[in-house]
Each structure stands twice: as C-alpha cells, then as structure tokens.
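Q: Below you will find the structure I want to go over with you.
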Amino acid sequence: MEINLVSDTVTKPSEEMLRYMFNAKVGDDVYKQDPTVIELESKVATMFGMEAALFFPSGTMANQTAIKLHTQPGEQLIADKWAHVYNYEGGGASFNSGVSCCLLDGNRGMITAEQVAGAINDPEFYHSPLTSLVCVENTTNKGGGACYDFEEFKRIKKVCDAHNLKFHLDGARIWNALVATNDNPEEYGRVFDTISVCLSKGLGAPIGSLLVSDAKTIHRALRIRKILGGGMRQVGYLAAAGIYALDNNIIRLADDHRRAKELGDLLSRLPWIIRVEPVETNILIFSLKEGLDENLFIEKLKERNIHISSMGHGKLRMVTHLDYREVMHSYVLETFERIVVK
Ligand SMILES: *Cc1c(COP(=O)(O)O)cnc(C)c1O
C-alpha cells in the first residue's frame, strides 16, 4: 500500500467515474458540438450564478487566459508573493500577456484590501506600469490551504471598482474553501470578473479546469484558449469525469479536511516538530526542529510507503485527498507516532 500525500492531484479515476466517462455523449468541442462539455460548462456557470464557463485542459491555462483577458502588454497585476499565477505557471504572465506582477507580502498567501489599495500605481503617472488586475487564490496553495474571509473579497472588490481594476480568483481549490466555510458560490460570482476552478485536485477528476465569467468575456476567452492550443475535440469524455466529480466528490472533501486536521493535531504534539501551520482544509505544512535533515526524514517515510514533499526553506507538506482512505490515515497516524527522528 503506497500512500501518496505529495498532492491532491495524484488521485486516479474510480471505476464509477471511468464508467461515467465511457458512456459520455461527445462531439467536436472546437465547433462547440460536444454536449457533455456544454453540460459541464453550464453546470459550473450556474453554480457560481454566472452566465458562462469554458472548459480548459489545465488550471494554468485557465488562469493565463484570465490574465490575457484583463490586461494589455506593459500593464501590471497585483497578487500575493506566493501566488500560483506568479510562481508556478512558468512565467506565463510575462510570456503570454507581457505583464509584470506587483507582489504583496500577504498572510499565508492572502492579501487585504488595504494592501491592494497601496499597490495601485497612479494611472496619471505614466512612468509606472498601469495597474489593471488583481489576482487572489482561494484556498491558497503555498499558504497551506488557508481560506479567505469572504468579507475581504468584498473589500478588495470595492477597491477594484474604485480604480477600474479587474478581479480574478484562482479557485483551483475553491471547492475546499466552499466546504470549509459554507460560503455561497453565487456570492463569488457577484464579486469576481473571472473565476478559474480545477476538477483535477480534490474532486479527483483526471484532468480539467474551467474559467467562469459573463457570456461576453467567455466568448473572448474562446479565442485565447484557441491561441494557447487549448481547443479540444471529443473531450466530453473528460468533461464527463468533471460532471461525475461535481456530483459525487464535493461533500466528501470534509473527510479530507478532518484527516488533515487530525494529522496536524498529532504533529503539533511531536517533540521533533517545531511548527505546524494552522490546518483549515486539506493541506498541512510543518517544519522539523532545527538541525534535523528533512531529506532524510522524507526518505525514512518513503521506506514506510508514505510519500510527502518538501517546499524548501525547511517546510514539509502533506495533502489529503480522495485516494487517501481511512485505513491509510490510521497507518500514517500510527507511523508518525512511532517513528524516531533525530
Ligand atoms: C493546481 C493549481 C493551479 C492549476 O494547476 P494546473 O496544474 O495547471 O492544473 C492553479 N492555481 C493553484 C493555486 C493551484 O494549486
């Protein structure tokens, strides 16, 4: 039994999901003739109370499309210093859109309206790049699965409106945030210009993301997706996995959150661990005591069939997910309790 806690992207489609995919009705989605893709797009748009959605092969492409939609070359976006759009999308913001990033020193990947307001360049001061977009992440990835207080989004939105800025949500793990906070997704639809969501993280689909927005913006997004090479043909088979995941795998995210919390509670009692970041959803970040070798520790766990990852700077990460089942959880708790680290 291999236990992979490296990421929630490692899940494999279940028998039932595969069966659902197998039976999908498909067509050529580049001609907008795939009924299953259309169903998925409309389902997700409706969830957020927005007009339209577009299916993407990856969250990166959905985010990059959003940046392209909202900016012109030479302009600047505002994001947290740990933002996925800045750190983990291959420099796409500058490559695809020719924009620079003004990075804020947020709290666990979350930024405030005051910070945003303070980072906007005066549009009359033509020496500086024109600020045109604010990107936030919920939950935060590098921030350890932290969830925004929705009120903060409303405050940031006010700043955006006052300064003519677009507001994009990288909602790769929005489902985790919705389950953890009980927020209403339609409220998200009212605050953000665009929202990207992932089906291939906690929801357990093998692939897929969507960008959600108003109909006009999604129509523009269609061309950008084409340019980026994201127009796909009989892709309803993959969209079907997403529909299955949305119908079956959202509520159970609470199990992932509980298990992460239980791991966090145990780890904070262990003498060889110096710090456990607060656990809000399915990501657990912790640090070993000074002088302990984290690579050695990772190897030691690997010998016991438990795979975790290092985030650098002494931080280690575990992510719970659909394929991390209760028997595995018991074994991991037991192993951590018993293992000798020195
Ligand atoms: C995973 C993730 C994405 C998208 O990643 P892809 O691998 O391109 O699907 C975007 N933002 C965040 C915060 C993520 O965790």
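Q: Residues of segment 21-42 being in a helix (DSSP H, G or I) and closer than 15 Å to Val235 by Cβ, which ones? Working first, answer last.
A: Filtering segment 21-42 for residues in a helix (DSSP H, G or I) gives 21-22, 29-31, 35-42.
Listed by number, the residues that qualify are Met21, Phe22, Asp29, Val30, Tyr31, Pro35, Thr36, Val37, Ile38, Glu39, Leu40, Glu41.
Q: Does any residue in segment 44-69 that is within 15 Å of the ligand (Cβ to nearest atom) come within less than 8 Å, Cβ to Cβ, of a residue that is among the acidic types (Asp, Glu) and not in a helix (DSSP H, G or I) six or more places away or on a different chain, and which pairs are these?
A: What qualifies is Gly59/Asp170; Thr60/Glu89; Asn63/Glu89; Asn63/Asp170; Gln64/Glu89.
Q: Being more than 12 Å from the ligand (Cβ to nearest atom) and under 23 Å from Leu133 (Cβ atoms) is the filter here, so list the residues in segment 190-205 that pass it.
A: Residues satisfying the conditions are Arg190, Val191, Phe192, Asp193, Thr194.
Q: Being under 13 Å from Gly202 (Cβ atoms) and among the hydrophobic types (A, V, I, L, M, F, W, C) is the filter here, so list the residues in segment 254-270 that pass it.
A: Passing the criteria: Ala254, Ala260.
Q: If you go through segment 132-152 one residue at a time, do you hit one that is on the phi > 0 side of the Ramachandran plot and open to solvent by less than 20 Å² (accessible area, probe 1.4 Å)? Step through it out loud before you land on a result.
A: Our first condition is that a residue be on the phi > 0 side of the Ramachandran plot; within segment 132-152, this holds for 144-145.
Right, trim to open to solvent by less than 20 Å² (accessible area, probe 1.4 Å) and you get 144-145.
Yes, the conditions are met somewhere in segment 132-152.
Q: Continuing with the same structure: Using the structure shown, decide if Lys32 is open to solvent by 30 Å² or more (accessible area, probe 1.4 Å) and either under 23 Å from Arg220 (Cβ atoms) or without any contact (Cβ under 8 Å) to a residue 12 or more places away in the chain (or both).
A: yes
Q: Would you mention how many residues in segment 108-131 are in a strand (DSSP E or B) and either open to solvent by 40 Å² or more (accessible area, probe 1.4 Å) or in contact with a Leu (Cβ under 8 Å, 6 or more places away or on another chain) (or both)?
A: 1
Q: So Met21 ticks every box in (1) over 17 Å from the mean Cα position of the chain (by Cα); (2) within 16 Å of the ligand (Cβ to nearest atom) but one. Which box is left unticked?
A: Going through the list (1) over 17 Å from the mean Cα position of the chain (by Cα); (2) within 16 Å of the ligand (Cβ to nearest atom), Met21 breaks only (2).
Q: In addition: Of the conditions (1) in a loop (DSSP other than H, G, I, E, B); (2) within 14 Å of the ligand (Cβ to nearest atom), Ala93 fails just one. Which one is it?
A: Every listed condition holds for Ala93 apart from (1).
Q: Looking only at strands (runs of 3 or more DSSP E) that lie completely in segment 235-321, which have at least 1 residues being touching a residue at least 60 places away in the same chain (Cβ under 8 Å)?
A: Output list reads 283-288, 309-312, 315-319.
Q: Moving on to the next point. Is it true that some residue in segment 257-265 is touching a strand residue (DSSP E or B) at 6+ places or on another chain (Cβ under 6 Å) and over 24 Å from Ala146 (Cα atoms)? Steps first, please.
A: Let us first name the residues in segment 257-265 that are touching a strand residue (DSSP E or B) at 6+ places or on another chain (Cβ under 6 Å), namely 260, 263-264.
Checking the rest, the ones that are also over 24 Å from Ala146 (Cα atoms) come to none.
Checking segment 257-265: not a single residue is touching a strand residue (DSSP E or B) at 6+ places or on another chain (Cβ under 6 Å) and over 24 Å from Ala146 (Cα atoms).
Q: Identify, please: which residue in segment 157-183 is open to solvent by 50 Å² or more (accessible area, probe 1.4 Å) and either in a loop (DSSP other than H, G, I, E, B) or of a type in the set (Phe, Trp, Tyr) (or both) and is, among those, nearest to the ligand (Cβ to nearest atom)?
A: Residue satisfying both the conditions and the ranking: Asn182.
Q: Got a number for residues in segment 70-90 being closer than 18 Å to Leu228 by Cα, open to solvent by less than 30 Å² (accessible area, probe 1.4 Å) and more than 11 Å from the ligand (Cβ to nearest atom)?
A: Counting residues in segment 70-90 that are closer than 18 Å to Leu228 by Cα, open to solvent by less than 30 Å² (accessible area, probe 1.4 Å) and more than 11 Å from the ligand (Cβ to nearest atom) gives 2.
Q: Ok, one more. Quickly run through segment 51-69 and pick out the residues that are open to solvent by 10 Å² or more (accessible area, probe 1.4 Å), in contact with a Gly (Cβ under 9 Å, 6 or more places away or on another chain) and of a type in the set (A, V, I, L, M).
A: The answer is Met61, and nothing else.
Q: For residues in segment 206-231 being of a type in the set (Gly, Ala, Ser) and within 12 Å of the ligand (Cβ to nearest atom), which is nearest to Gly92 (Cα to Cα)?
A: Across segment 206-231, the extreme among qualifying residues is Gly230.
The values are calculated or read from the model by the stated rules, or taken from the named source; none is laboratory data. Keep in mind that what you see is a predicted model, and the values were worked out from it rather than measured. Note that each Cβ is placed from the backbone with ideal geometry, even for glycine, and that neighbours are counted across all protein chains shown. Keep in mind that these areas ignore ligands, DNA and RNA; they rest on the heavy atoms of the full protein, side chains included. Shrake-Rupley method; radii C 1.70, N 1.55, O 1.52, S 1.80 Å.
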